[in-house]
Amino acid sequence: MTDDADDVTVAGQRALVLGASGNVGACVTRHLAADGADVRVLLRKTSATKGIDGLDVDRRYGDPFDPATVATAMADRDVVYYCIVDTRAELWNPAPLFATNVDGLRTVLGVAAGMPLQRFVFLSTIGTIAVGADGETVDEDTPFNWADKAGSYIESRRRAEDLVMSFVRERRLPAVVVNVSNPYGPPDWQPRQGMFVQMAALGKMPFYVRGVGSEVVGIDDAADAMVRASRRGRVGERYIASERFMSHRELVTTAADAVGARPPRIGVPMAVVYVVAWVGEIVGRLFGVDVPISRQSARLLALTSPASHAKATRELGWRPAPTEDAIRRAAENYVSRAAQG
């Protein structure tokens, strides 16, 4: 994170975090609480809270998509950090993705548009950014160019962004979008993006995928970008919060080396991953279950390219640390938790 925190102080900010049970949402909550903000979170009774346990925050409980509940939680708040997202790209039935990522969001936006908010900071994904040809670096203004390959998850996230922007234009909602890439770092109690790092750290990752990689960022830097967007983000703008592009081999090797595990030695082509995903989909449909990887989620691994965070640096003052540091700390944390049972 950058040193110049004085220009984005949130001390006294009256914040509401929606999605504080998720990895990024919990980290945003921790940052706000540490910096002296007046933090409120809205949770379901069934929400996991390990990421925010011990914090001095105002916990409210209820359905985050119930208008009355949201209005009560949002009352007297300056900033809303919207971090609710269903990331299960592997679902064979995409209905839950659209129910959460689009329909639920629409309800919250309707409430937010009637509130005197300073900012509505929306957590989006690097997946709604274009894919560069032949390793070309893209940015927020590069026209989206892979809708025919993106699948239901990315489509739900693109619709979500479009919805936010429509409320900016038509309802004067002071919203800012932050496009976060794959975040790494402890504590990550429910690893999804961190799955490969966890497996490599525990010595359960004998292979890496050749010729592919992804944009990466430390979880604390992702949260820092969200907080900075609340103070310096321009309404109606998108900001990429991603430190750099990292190959899959470098990702898992960094994790293994951090804890002295045997790094993956076998490189498998992406074609093998697609075959495994295809077989998994067939088995999943036969037995009515969702599998950890589908052809759609495999495509998200294959279809990524370098992206520039120059706009976030220029306008938000965001300067991320090397993601390798976050990956090493994540690996150490996974091993420590495994040792504790």
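Taken as Cα centroids, segment 312-341 and segment 1-71 sit 20 Å apart, rounded to the nearest whole angstrom.
Placing unit charges on the Cβ atoms only, positive for Lys and Arg and negative for Asp and Glu, gives segment 204-331 a dipole magnitude near 160 debye about its Cα centre. Seen against the Cα atoms of the chain and their longest principal axis, helix 219-232 is set at about 30 degrees. By DSSP, the beta bridges lying fully in the chain are antiparallel in about 10 percent of cases.
Over the chain, what is the mean sequence separation of C-alpha contacts under 8 Å (at least six apart), divided by residue count, expressed as relative contact order in percent?
Values: 713 pairs, mean separation 68.4, N = 341.
That works out to 20 percent.
Note on the chain: Kirkwood radius taken over Cα pairs, Stokes-Einstein applied at 20 °C and 1.002 mPa s, translational D equal to 105 µm² s⁻¹.
If R₀ is 35 angstrom, what is the calculated FRET efficiency for the pair ASP103 and GLU332, using the beta carbon separation as r and rounding to 0.05? Intermediate results must be reported in sequence, preceding the final value.
Values: r = 39 Å, r/R0 = 1.13.
Working from the Cβ atoms, E equals 0.35.
Footprinting exposure proxy ranking of ILE52, ILE129, fewest other C-beta atoms within 10 angstrom first, gives ILE52, ILE129. Counted by neighbouring Cβ atoms within 10 Å, the residues THR323, THR254 run from fewest to most as THR254, THR323. Remark: SER297, SER47, SER21 ranked as SER47, SER297, SER21, counting other beta-carbon atoms within 10 Å and listing the fewest first.
Among the chymotrypsin sites (Phe, Trp or Tyr not before Pro) in segment 26-100, those located in a DSSP loop and surrounded by at most 16 other Cβ atoms within 10 Å of their own Cβ are TRP92.
Of the trypsin sites (Lys or Arg not before Pro) in segment 194-302, the ones in a loop by DSSP (not H, G, I, E or B) with at most 16 other beta carbons within 10 Å are LYS204, ARG210, ARG234, ARG265.
Need one number: convex hull volume per residue for segment 1-124, Cα atoms only, in Å³. Each step should come with its number before you reach the end.
Details: hull volume 14.4 nm³, N = 124.
Once divided by residue count, the hull of segment 1-124 is 116 Å³.
Panel note: the C-alpha atoms of segment 98-174, placed on their principal axes, show extents of 45, 25, 18 Å (largest first).
Every number here is computed from the coordinates shown, using simple stated rules; none is lab data. Treat the numbers as computed from the prediction; the structure is a model and nothing was measured. Positions of Cβ are backbone-derived with ideal geometry, glycine not excepted, and every protein chain shown enters the neighbour counts.
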